[in-house]
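The structure under discussion appears below in the form of structure tokens.
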């Protein structure tokens with residue numbers, strides 16, 4: 001069983017290397033890189049929007065408390 005497990009791990013490692021090479025140099029690699037950059041930018045925009053929203057609500061609630 002030890003040989004089978006080692007062989008399986010080695011094959012999985014090789015497949016991951018090949019997939020990485022294809023993603024980096026293969027067909028559609030430019031498109032993939034652009035899609036990843038777009039996704040990253042979108043995630044950052046969502047996080048920043050959430051932070052601004054929470055800060056705005058906190059300021060609004062603080063102003064409501066001072067008026068009373």
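Every number in this text was worked out from the coordinates using simple rules, so none of it is lab data. Predicted, not measured: the structure shown is a model, and the values here were computed from it. Positions of Cβ are generated from backbone atoms using ideal geometry, with glycine treated the same way; all protein chains shown enter the neighbour counts.
A few remarks follow.
- Structure-derived semi-axes √(5λ) of the Cα gyration tensor in Å: which label, when the choices are (i) 50, 10, 6; (ii) 50, 20, 4; (iii) 21, 11, 9: (ii)
- Inter-label distance for residue 8 and residue 61, nm, one decimal - labels placed 7 Å from Cα along Cα-to-Cβ: 5.0 nm
- Estimated FRET transfer efficiency (residue 48, residue 24; beta-carbon r; R0 30 Å; 0.05): 0.55
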